[in-house]
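Notes for the one structure printed next.
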Amino acid sequence: DETEYMLRAKASGAPLYTVVDSFYFHPSLLKQEKKFLGRKFAVSEVPLWKTYCSARNSAFFRKKYFGTFAVLKSALRVYIGCILADKNKWAKFRTATRGIIDGLKGDFSRPLDLSK
């Protein structure tokens with residue numbers, strides 16, 4: 001969400017500022033660093049609904065602001081995260097694919113199952 005807001009403000013010509021003394025709290029996720037094809041990736045186990053929302057939102061704003069190549073690069077990162085996940089690899093892959101497709105279509109109507 002923060003990225004989308006910043007990109008909207010930037011696109012509208014609003015001035016952007018950084019308040020270096022501000023306090024920002026975001027609950028941290030347990031992240032592991034894993035290697036894939038010689039590169040390091042930070043991997044965290046998140047519920048399927050967060051995998052979906054992250055993939056959808058990323059595809060949507062990257063298409064809108066940066067173009068096809070940025071979407072493909074983002075999708076590749078998402079899929080590498082699915083491969084490196086400790087659990088539910090295929091479920092995450094299917095869920096991420098649904099999210100990417102919905103993001104490309106600009107479809108935010110899919111109900112979320114917050115229990116998974």
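Numbers below:
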| quantity | calculated |
| --- | --- |
| Spatially close lysines, pair count over the chain: Cα under 18 Å, gap of eight or more or interchain | 27 |
| Simple label model, 7 Å out from Cα along Cβ direction - MET6 to THR97, nm | 3.2 nm |
| Accessible area expressed per residue, the chain, with surrounding protein chains retained (probe 1.4 Å, Å²) | 75 Å² |
| Nearest 10 degrees, 0 to 90: helix 89-105 Cα axis against the chain principal axis | 30 degrees |
| Relative contact order of the stretch 41-116, defined on C-alpha pairs under 8 angstrom at six or more residues apart (%) | 48 percent |
| Rounded to 10°, Cα long-axis angle of helix 68-84 versus longest principal axis of the chain | 40 degrees |
| Cα shape, the stretch 57-115, gyration tensor, a/c 1.5 rule | oblate |
| Residue order for TRP49, TRP90 - accessible surface, 1.4 angstrom probe, largest first | TRP90, TRP49 |
| For the chain, calculated [θ]222 nm from helices alone, where every DSSP H run of n ≥ 4 adds -39500 (n - 2.57) | -17500 deg cm²/dmol |
| Sorted peptide list for 91-104, 50-63, 68-81, criterion being average Cβ within 10 angstrom, highest first | 50-63, 91-104, 68-81 |
| With every protein chain in place, the stretch 75-116: carbon and sulfur % of accessible area (1.4 Å) | 61 percent |
| Principal semi-axes in Å for the chain [√(5λ), Cα gyration tensor, largest first] | 25, 19, 16 |
| Between 0 and 90°, nearest 10: helix 48-65 axis offset from the chain longest Cα axis | 40 degrees |
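The values are calculated or read from the model by the stated rules, or taken from the named source; none is laboratory data. Note that this is a predicted model, so its numbers are computed, not measured. Here Cβ is always computed from backbone atoms with ideal geometry, including for glycine, and neighbour counts include all displayed protein chains. Just the protein is used for accessible areas: all its heavy atoms, side chains included, with ligands, DNA and RNA removed. Shrake-Rupley method; radii C 1.70, N 1.55, O 1.52, S 1.80 Å.
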